[in-house]
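The values are calculated or read from the model by the stated rules, or taken from the named source; none is laboratory data. In this text the structure is predicted, and so the values were computed from the model without any measurement. Quick reminder, even Gly has a Cβ in these numbers, built from the backbone with ideal geometry, and neighbours come from all protein chains shown.
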């Protein structure tokens with residue numbers, strides 16, 4: 001097992017070895033763009049809008065995002081954060097919370113200026129509830145209005161970080177064999193199925209576990225190439241297909257969507273082996289930084305467009321994409337430079 005990295009205070013940044021740069025940035029951006037454009041299918045040309053609606057392109061994008069997160073977080077825990085759960089969770093909160101707060105402020109401002117809302121949308125209760133959605137997006141009493149409508153997926157991510165970190169650090173202290181890891185993944189899939197069938201609202205998010213587990217298995221296979229890792233990929237792929245079928249219904253759309261999700265999931269492992277340097281790496285990194293603010297901020301742009309430009313056509317649809325990317329760029333500029341230095345200190349290395 002690799003040695004535990006020194007703390008940030010005891011060693012300079014360069015002392016902690018970093019894994020190779022993963023060419024995920026453009027991939028992440030395209031997934032976020034697919035989600036954004038899929039949510040605004042009403043502005044697209046009729047046939048294209050129908051295609052996006054029937055195949056739920058945005059849903060596919062979110063599912064593949066979860067797979068990618070499983071891969072990335074596995075690598076982070078195995079390289080930068082061994083025996084450092086506090087730094088890991090602090091880094092993840094810095095990554096998720098500030099961009100969400102900025103997106104919430106942007107959305108409230110745009111709604112005040114341009115979008116009709118329910119009478120109590122700006123009440124203290126409703127606005128306070130918006131902040132809690134990052135932690136708990138499903139519950140018996142949703143807010144009267146969502147200013148960041150698709151926050152549920154970010155909440156699922158946050159739960160995954162906390163649960164996986166707890167399991168990972170406990171596992172390191174006890175059982176470390178590949179066979180034990182495969183047993184853990186099997187149990188997690190059973191728990192995901194139980195969460196789906198349960199009527200307990202707050203554990204419903206665990207239904208999404210197969211996607212993250214597939215990403216974890218892909219990282220495990222890329223780094224170890226063990227039989228257990230290959231078996232885990234097969235098991236998680238079957239669980240992923242089950243989840244997609246449950247979501248879409250057992251129709252040819254469900255079959256097609258499931259195969260697309262698996263194909264894009266495998267592409268995560270392929271992209272992890274691509275070596276980017278120089279200008280290509282800078283572009284990839286920039287696009288990757290835009291993916292999260294694009295996901296968070298596109299709803300506000302969507303509502304403005306629906307209010308002022310409700311027509312269908314290539315022009316309106318593409319203009320929405322440009323506007324959403326512009327707002328994401330502004331949000332990223334306001335947040336990312338200020339947070340990157342803090343996250344690098346917690347990580348112990350710059351990416």
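Considering only the range 120-138, state which residues are outside any loop (DSSP other than H, G, I, E, B) and either in contact with a helix residue (DSSP H, G or I) (Cβ under 8 Å, 6 or more places away or on another chain) or farther than 24 Å from residue 208 by Cα (or both).
124, 125, 126, 127, 128, 130, 131 - these are the residues of the range 120-138 that are outside any loop (DSSP other than H, G, I, E, B) and either in contact with a helix residue (DSSP H, G or I) (Cβ under 8 Å, 6 or more places away or on another chain) or farther than 24 Å from residue 208 by Cα (or both).
If a residue has to be exposed (fewer than 15 other Cβ atoms within 10 Å of the Cβ) and at pLDDT below 85 to count, how many in the range 172-224 make the cut?
Looking only at that region, the number is 11.
Pairs under 6 Å by beta carbon, first residue free of Cβ contacts under 8 Å to residues at least 40 places away in the same chain in the range 115-132, partner exposed (fewer than 14 other Cβ atoms within 10 Å of the Cβ) and part of a loop (DSSP other than H, G, I, E, B), six or more apart or different chains?
Between residues of the range 115-132 that are free of Cβ contacts under 8 Å to residues at least 40 places away in the same chain and residues that are exposed (fewer than 14 other Cβ atoms within 10 Å of the Cβ) and part of a loop (DSSP other than H, G, I, E, B), the close pairs are 126/120.
Per-residue answers, yes or no, for (1) touching a strand residue (DSSP E or B) at 6+ places or on another chain (Cβ under 7 Å); (2) surrounded by fewer than 18 Cβ atoms within 10 Å (Cβ to Cβ); (3) in contact (Cβ under 8 Å) with a residue 60 or more places away in the chain; (4) within 25 Å of residue 338 (Cβ to Cβ):
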| site | (1), (2), (3), (4) |
| --- | --- |
| 32 | no, no, yes, yes |
| 37 | no, no, yes, no |
| 45 | no, yes, yes, no |
| 66 | no, no, yes, no |
| 110 | no, no, yes, yes |
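Consider the range 234-253. How many of its residues are without any contact (Cβ under 8 Å) to a residue 60 or more places away in the chain, over 16 Å from residue 208 (Cα atoms) and assigned to a helix (DSSP H, G or I)?
Summing the residues that are without any contact (Cβ under 8 Å) to a residue 60 or more places away in the chain, over 16 Å from residue 208 (Cα atoms) and assigned to a helix (DSSP H, G or I) in the range 234-253 gives 2.
Somewhere in the range 297-309, is a residue under 20 Å from residue 340 (Cβ atoms), surrounded by 15 or more Cβ atoms within 10 Å (Cβ to Cβ) and either without any contact (Cβ under 8 Å) to a residue 60 or more places away in the chain or under 18 Å from the mean Cα position of the chain (by Cα) (or both)?
yes
When both residues are 6+ apart or on different chains and their Cβ atoms are under 9 Å apart, which pairs have a first residue that lies in the range 83-101 and is touching a residue at least 24 places away in the same chain (Cβ under 8 Å) and on the phi > 0 side of the Ramachandran plot, and a second that is buried (at least 19 other Cβ atoms within 10 Å of the Cβ) and outside any helix (DSSP H, G or I)?
83/5
How about the range 76-85: which of its residues are surrounded by 17 or more Cβ atoms within 10 Å (Cβ to Cβ) and in contact with a helix residue (DSSP H, G or I) (Cβ under 6 Å, 6 or more places away or on another chain)?
Passing the criteria: 77, 80, 81.
Would you point out which residue out of 215, 315 is part of a helix (DSSP H, G or I) and under 26 Å from residue 152 (Cα atoms)?
After applying the criteria, what remains is 215.
So, residue 88, is that one touching a helix residue (DSSP H, G or I) at 6+ places or on another chain (Cβ under 8 Å) and crowded, with 18+ Cβ neighbours inside 10 Å or not?
Taking the combined requirement at face value, the residue satisfies it.
Could you pull out the residue among 299, 286 that is more than 24 Å from residue 75 (Cβ to Cβ) and part of a helix (DSSP H, G or I)?
Being more than 24 Å from residue 75 (Cβ to Cβ) and part of a helix (DSSP H, G or I) holds for just one of 299, 286, which is 299.
Scan the range 58-67 and give yes if some residue there is at pLDDT 90 or above, over 21 Å from the mean Cα position of the chain (by Cα) and part of a helix (DSSP H, G or I), otherwise no.
No, because not a single residue in the range 58-67 is at pLDDT 90 or above, over 21 Å from the mean Cα position of the chain (by Cα) and part of a helix (DSSP H, G or I).
Applying the selection to the range 94-119, what residues are within 29 Å of residue 267 (Cα to Cα) and touching a helix residue (DSSP H, G or I) at 6+ places or on another chain (Cβ under 8 Å)?
Within the range 94-119, 94, 95, 96, 99, 100 meet the criteria.
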